[in-house]
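The values are calculated or read from the model by the stated rules, or taken from the named source; none is laboratory data. What you are looking at is a predicted structure, and each value in this text was computed from that prediction instead of being measured. Cβ sites come from the backbone with ideal geometry, for glycine too, and all protein chains shown count toward neighbours.
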Amino acid sequence: MSICSLVVYTNPEKMEAVKADIEKREGCEAPAAENGKIVVVIDTPSRDVMSQTIMDLNNIPGVINVALIYEYFEDGGQSETVSQKA
C-alpha cells in the first residue's frame with residue numbers, strides 16, 4: 001500500500017479542468033484547490049503504481065509542476081514514511 005500527498009501547481013485559468021482530470025483517475029482525490037494550487041491525495045496498491053500516477057499527473061495539460069509532500073509505504077508488515085517541506 002502506498003499513500004502520498006502532493007501539491008499540483010497549475011495555470012490558474014486551467015485549475016478547474018486539471019482538478020477534474022485528477023479526480024477521474026483511480027486512487028486520486030483533490031480535496032482542495034486555490035490560486036493555481038491543487039492538494040492531491042493518492043492511494044495505490046504499490047509504489048510502482050504511485051510513481052506512474054505522479055508521472056501521469058505531470059503530463060496533464062495546464063500542470064506546471066507536481067511536488068511530493070508526504071509518502072507512506074507499507075509492504076509486508078514493514079512501513080516507511082517520507083515527508084518533505086514544500
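The rows are residues; the columns are (1) touching a strand residue (DSSP E or B) at 6+ places or on another chain (Cβ under 6 Å); (2) modelled with pLDDT of 95 or more; (3) aliphatic (A, V, I, L, M).
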residue: Met1; (1), (2), (3): yes, no, yes
residue: Val7; (1), (2), (3): yes, yes, yes
residue: Ala33; (1), (2), (3): no, yes, yes
residue: Asp43; (1), (2), (3): yes, yes, no
Practice prompt. Would you mind telling me which numbered condition in (1) in a helix (DSSP H, G or I); (2) surrounded by fewer than 18 Cβ atoms within 10 Å (Cβ to Cβ); (3) modelled with pLDDT of 95 or more Ile22 fails?
Written response: (2)
Response to the item:
Of the residues in segment 50-59, those that are over 12 Å from the mean Cα position of the chain (by Cα) and touching a residue at least 12 places away in the same chain (Cβ under 8 Å) number 0
Worksheet item: Does segment 46-59 contain any residue that is surrounded by fewer than 15 Cβ atoms within 10 Å (Cβ to Cβ), part of a loop (DSSP other than H, G, I, E, B), in contact with a helix residue (DSSP H, G or I) (Cβ under 7 Å, 6 or more places away or on another chain) and not acidic (Asp, Glu)?
Response: no
Worksheet item: Taking segment 12-52 only, how many residues are β-branched (Val, Ile, Thr), touching a Cys at 6+ places or on another chain (Cβ under 8 Å) and under 15 Å from Phe73 (Cα atoms)?
Response: 2
